[in-house]
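J.: Okay, handing you the structure first.
The values are calculated or read from the model by the stated rules, or taken from the named source; none is laboratory data. Keep in mind it's a predicted model, so treat the numbers as computed, not measured. We place every Cβ from the backbone using ideal geometry, glycine too, and count neighbours over all the protein chains shown.
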Amino acid sequence: MSESDVVIIGAGHNGLTCAAYLATAGLRVRVVEVERRWQVRSALHAHIQDAFNAAGVQIMSPNYEGDPEQAKVVPKAHWEGRPAPASDET
């Protein structure tokens, strides 16, 4: 594979439109469609959340369903850990 400046995950209309704009601007663009896109997005989102947490900024996950009664602060030592079990797992 050749070197790319940008890799776009997802060959839908938004991904292809973005690729066209970036290529027009002179960037070398690779568009990939992955079978398990949700896994890639989940991993990327986790790293984004870690970066915001390190800066003291809390962001909402796209999987956010409700506000718990207790505080929502996760210590840095637990950022990469297994998620809390679902209520039916306890």
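J.: Give the stretch 6-16 a look and list any residue that's assigned to a helix (DSSP H, G or I) and either of a type outside the set (A, V, I, L, M, F, W, C) or more than 21 Å from the chain's Cα centre (by Cα) (or both), or say none.
T.: His13, Asn14, Gly15
J.: Answer yes if at least one residue in the stretch 30-44 is at pLDDT below 80 and at positive phi, and no otherwise.
T.: No.
J.: Among the residues of the stretch 50-66, is there at least one that is out of contact with any strand residue (DSSP E or B) (no Cβ under 6 Å at 6 or more places or on another chain), among the small types (Gly, Ala, Ser), at pLDDT below 75 and surrounded by fewer than 10 Cβ atoms within 10 Å (Cβ to Cβ)?
T.: Within the stretch 50-66, one or more residues are out of contact with any strand residue (DSSP E or B) (no Cβ under 6 Å at 6 or more places or on another chain), among the small types (Gly, Ala, Ser), at pLDDT below 75 and surrounded by fewer than 10 Cβ atoms within 10 Å (Cβ to Cβ).
J.: I'd like to verify a number: residues in the stretch 17-40 that are surrounded by 13 or more Cβ atoms within 10 Å (Cβ to Cβ), among the hydrophobic types (A, V, I, L, M, F, W, C) and assigned to a helix (DSSP H, G or I), how many? It would help to see each step written out before you state the result.
T.: Restricting attention to the stretch 17-40, the residues satisfying the condition of being surrounded by 13 or more Cβ atoms within 10 Å (Cβ to Cβ) are 18-19, 22-23, 29-32, 37, 40.
Subset that is among the hydrophobic types (A, V, I, L, M, F, W, C): 18-19, 22-23, 29, 31-32, 40.
Subset that is assigned to a helix (DSSP H, G or I): 18-19, 22-23, 40.
Of the residues in the stretch 17-40, 5 are surrounded by 13 or more Cβ atoms within 10 Å (Cβ to Cβ), among the hydrophobic types (A, V, I, L, M, F, W, C) and assigned to a helix (DSSP H, G or I).
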